[in-house]
Amino acid sequence: MPRGRLCGLGAVVWGWGLAPSSGRGGVGKKPSAARRLPGGTDRTACPGGTVTVSVAQALSEAAHDITPRPPRNATPTPCPCAHPHILADRPDGTVVRHHDVVAKSHAPDTDRAALTARVATAAHPLLTGILLPPLPVPAEKGDARVTVLHGRPLTLWPYGSPVDPEDPDAAPWEDAAKLLARLHAVAPGALQLPAPLPPMRGPAKAALAIARMKAAEPHPATSAVLRAWTRLPAWARNEAPSPHDRAALCHGDLHLGQLVRHPPNAAAEGHWLLIDVDDMGIGDPAWDLARPAAWYAAGLLAPDIWDRFLGTYRAADGTAVCPDGGDPWPQLDVPARALTVQTAALALAKSAAENRPLDEVEEMMIEACARIAALPAELESEATS
């Protein structure tokens with residue numbers, strides 16, 4: 001049974017989180033866990049972030065530049081976005097909305113060529129109806145879809161309505177599964193991009209989380225996380241290429257915060273689409289299923305929701321797991337354990353930076369790593385073979 005094999009996964013409540021105040025939707029029986037907002041859905045102003053007023057204003061102006069204008073004979077009206085509407089502000093990116101356009105300032109150390117290939121993928125006709133397509137930047141500001149603003153790569157996107165964290169019963173699990181299956185079915189070679197699509201960044205992000213933890217103040221729980229980390233195969237630690245027989249087009253950081261409905265505010269007409277291509281690339285497609293798999297294995301995701309999600313993915317000919325009702329865990333185990341370790345490492349790093357003790361959920365993640373590190377060798381060999 002998956003829960004026995006993945007008993008060390010604990011409470012993975014980042015990413016595919018549900019309502020912050022509701023106990024509905026199969027979140028499990030941990031009220032404090034259910035109150036966590038889903039990762040990636042911070043679509044309100046973010047006070048105390050890293051962006052400066054000048055950068056936020058510049059992003060807003062970049063979005064304003066391509067916002068559709070009323071006809072010349074129309075009565076002039078003041079711009080409805082007098083102040084930048086910051087949707088997200090983190091070290092790895094700042095997102096500002098102006099009316100129906102969103103400007104994203106990517107991390108300063110972003111690989112420009114890799115980002116260009118990823119954005120070109122989102123614009124490719126083969127990804128129509130799967131990924132939110134980018135908007136062209138004004139010609140005077142750079143190339144077709146990626147430019148530089150204040151020393152950071154800039155991309156522009158249509159605004160889409162995010163998943164409502166207050167309505168877990170309406171969470172689009174089946175839509176997410178269908179989108180993943182369609183994404184994984186796109187042959188990377190068929191894209192014929194000017195530059196090759198880079199590897200999916202899932203393992204790289206896990207390795208960065210470990211490095212961030214190591215750079216933080218030492219914590220008694222660090223050793224447990226490191227032991228769980230060393231039990232992962234080299235490819236999951238970003239120390240070797242992903243298995244060639246598992247190469248597919250992957251999102252790389254899939255959670256419910258990475259879905260928007262577009263056109264926005266049109267439930268009857270708008271379609272769910274995947275957003276945020278920063279981690280997209282070639283890799284093991286099971287990485288995109290790892291979060292919900294981890295939740296189910298830990299008892300945090302209701303069995304009926306997991307069955308619907310996995311069943312829909314398989315019905316749509318998804319390639320990440322074996323078809324026809326076979327055991328999916330040989331493919332899902334390693335990515336799910338890697339994400340558990342990544343989350344625990346980030347929890348230790350953030351608690352140290354904020355000079356606070358670990359909260360209940362973070363403690364559960366540390367305990368999960370200890371159990372992962374103690375998994376019998378025969379189960380580990382099954383999962384990594």
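The values are calculated or read from the model by the stated rules, or taken from the named source; none is laboratory data. This one's a predicted model, so the numbers in the text were calculated from it and none came from an experiment. We place every Cβ from the backbone using ideal geometry, glycine too, and count neighbours over all the protein chains shown. Accessible surface is based on the protein model in full, side chains and every heavy atom, while ligands, DNA and RNA are left aside. Shrake-Rupley method; radii C 1.70, N 1.55, O 1.52, S 1.80 Å.
Among the residues of the stretch 151-186, which ones are modelled with pLDDT of 95 or more, in contact with a helix residue (DSSP H, G or I) (Cβ under 8 Å, 6 or more places away or on another chain) and within 22 Å of Gly283 (Cβ to Cβ)? Within the stretch 151-186, Ala176, Ala177, Lys178, Leu180, Ala181, Leu183, His184, Val186 meet the criteria. Only one entry in Asp109, Asp175, Asp169, Asp89 is over 30 Å from Leu310 (Cβ atoms), among the acidic types (Asp, Glu) and not in a loop (DSSP other than H, G, I, E, B), namely Asp89.
Matching residues to (1) assigned to a helix (DSSP H, G or I); (2) open to solvent by less than 60 Å² (accessible area, probe 1.4 Å); (3) closer than 16 Å to His255 by Cβ:
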position	(1), (2), (3)
Pro153	no, yes, no
Leu156	no, yes, no
Pro165	no, yes, yes
Leu179	yes, yes, yes
Pro194	no, no, no
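Residues satisfying the criterion are present in the stretch 283-295 (criterion: buried (at least 20 other Cβ atoms within 10 Å of the Cβ) and in a strand (DSSP E or B)). Consider the stretch 72-110 and keep the residues that are among the polar types (S, T, N, Q) and at pLDDT 65 or above. The one that is surrounded by the fewest Cβ atoms within 10 Å (Cβ to Cβ) is Thr110.
Residues that are more than 14 Å from Arg261 (Cα to Cα), of a type in the set (S, T, N, Q) and touching a residue at least 24 places away in the same chain (Cβ under 8 Å) within the stretch 146-204 comprise just one, Thr155. When residues in the stretch 329-356 are screened for being open to solvent by less than 10 Å² (accessible area, probe 1.4 Å) and without any contact (Cβ under 8 Å) to a residue 40 or more places away in the chain, 1 of them pass. Any residue that is in contact with a Pro (Cβ under 6 Å, 6 or more places away or on another chain) and crowded, with 21+ Cβ neighbours inside 10 Å - is there at least one of those in the stretch 316-326? The answer is yes; a qualifying residue exists. Can you find a residue in the stretch 203-215 that is more than 22 Å from the chain's Cα centre (by Cα), at pLDDT 95 or above and surrounded by fewer than 22 Cβ atoms within 10 Å (Cβ to Cβ)? Taking every residue of the stretch 203-215 in turn, at least one turns out to be more than 22 Å from the chain's Cα centre (by Cα), at pLDDT 95 or above and surrounded by fewer than 22 Cβ atoms within 10 Å (Cβ to Cβ). Taken over the stretch 216-263, the criterion of being crowded, with 17+ Cβ neighbours inside 10 Å and among the hydroxyl-bearing types (Ser, Thr, Tyr) is satisfied by Thr222, Ser242.
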